[in-house]
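Inspection log for the structure reproduced underneath, given as structure tokens.
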Amino acid sequence: MPNSEVPANSIPLVVDLDGTLIKTDLLWETFIRAIKKNPLLIFTALLWWTRGRAFLKMQLAQRVKVDAASLPYNENFLAWLREQKSAGRKIILATASDLQAAKPVADYVGIFDEVLASDGKTNVLSKNKLDLLVKKFGARGFDYAGNSSADLAVWRGAREVIAVNASASLAKKANASKTFEPKQNSIFPFARSLRMHQWAKNLIVFAPIIAGHKLDNTPLLLKNIFAFGIFCLCASGIYLVNDLMDLDADRRHAAKRFRPLASGDLPIPFGLIAAPLFLIAGLFAAAQLPPVFFAVTAAYLLLTTVYSFWIKRVVLLDVFFLAGLYTIRLIAGNAATDIVYSAWLLMFSM
């Protein structure tokens, strides 16, 4: 607990960056942008990682820049920091992110007297951060604001514990005297990121069985329902890929900035893990239906990926491409049920 006899503004306030000042993590932010520029860097990043997290962060920070103005900040906490700064308090940003990535954020916020960060050799995290702060300010010579279990070691050496975006259990374990932005459950943001309302588009796969008057054929109907589920899996996987690739654009958009990944409500690793899982699950399930359906599903994934990375930025061509994706859903309905194609229905869909 803080010593009430010591004026608060005479004690340096040390602030963590990832998950505390901002709702996201600069390691993942730089990683996403790096593989967007060059997908093959995902393999190079694994090699960098073998040389330590600090080295990995440095290499990524050298290759891509993150727009500090677009990052999602913990606004209530940031407002309190500005009050502390106005009261004459010294505020230090201490982060495990690389200095090249952290410095632009500190410059943008404009309240930090100093930035302590990883340098390619030392990962300023947990005990390493504590040792650095104790050496600089002495034991109990600083207050510390953090958000994760990695901050427990630092909190033990701090005068005052400030928990930001931390779970109730972690704040209690750390014996926090101040809390900001209590951590929210990721289940609901994750569900929103799947955009289940967009699954209605996949109902087109039922068009052939409806037009063929075969809804009363239970085996065919079950195949069609299975095909619908597969396209929903694939669609959600693609939506997650889109959101990961469009973080900067979404954050500058009036409405899209509230999307779970862009807003920081859903951690980037959730998207990185869930997207390939959904796509792999969709392809595996598609393999259980006729080979033609599997081929159509694979073509759908390929075309949606091309659309996400390139076509959607080409005026007019994107409209024709979207029309083609709707027709592919119709073809998938034929392929899943072995119902003979109707040239008239395909022409009408286009």
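The values are calculated or read from the model by the stated rules, or taken from the named source; none is laboratory data. Every value quoted in this text rests on a predicted model; they were computed, and no experiment measured them. Every residue, glycine among them, receives a Cβ derived from its backbone with ideal geometry; neighbour counts consider all protein chains shown. The accessibility values were calculated without ligands, DNA or RNA, using every heavy atom of the protein model including side chains. Shrake-Rupley method; radii C 1.70, N 1.55, O 1.52, S 1.80 Å.
List of remarks:
- Residue in segment 209-239 that is surrounded by the fewest Cβ atoms within 10 Å (Cβ to Cβ), counting only those that are of a type outside the set (K, R) and touching a Ser or Thr at 6+ places or on another chain (Cβ under 6 Å): L220
- Residues of segment 230-252 satisfying the condition of being free of Cβ contacts under 8 Å to residues at least 40 places away in the same chain and out of contact with any Asp or Glu (no Cβ under 9 Å at 6 or more places or on another chain): C232, D246, A249
- Scope segment 153-174; condition in contact with a helix residue (DSSP H, G or I) (Cβ under 8 Å, 6 or more places away or on another chain) and surrounded by fewer than 16 Cβ atoms within 10 Å (Cβ to Cβ); matching residues: R156, K173
- Total residues in segment 222-265 satisfying the condition of being charged (D, E, K, R) and either part of a helix (DSSP H, G or I) or in contact with a strand residue (DSSP E or B) (Cβ under 9 Å, 6 or more places away or on another chain) (or both): the figure is 7.
- Every pair of residues 6+ apart whose Cβ atoms lie under 7 Å, when the first sits in segment 208-229 and is modelled with pLDDT of 90 or more while the second is basic (K, R): L220/K214
- Qualifying residues in segment 111-126 (those that are surrounded by 20 or more Cβ atoms within 10 Å (Cβ to Cβ) and among the small types (G, A, S)) - the one farthest from A68 (Cα to Cα): S118
- Checking segment 243-251 against the condition returns no match, with no residue being open to solvent by less than 40 Å² (accessible area, probe 1.4 Å) and over 14 Å from the mean Cα position of the chain (by Cα).
- Residue that is farthest from the chain's Cα centre (by Cα) [pool: residues in segment 127-152 that are of a type in the set (D, E) and crowded, with 16+ Cβ neighbours inside 10 Å]: D143
- Those residues of segment 165-194 which are under 21 Å from the mean Cα position of the chain (by Cα), in a loop (DSSP other than H, G, I, E, B) and without any contact (Cβ under 8 Å) to a residue 40 or more places away in the chain, in sequence order: A166, S167, P182, K183, N185
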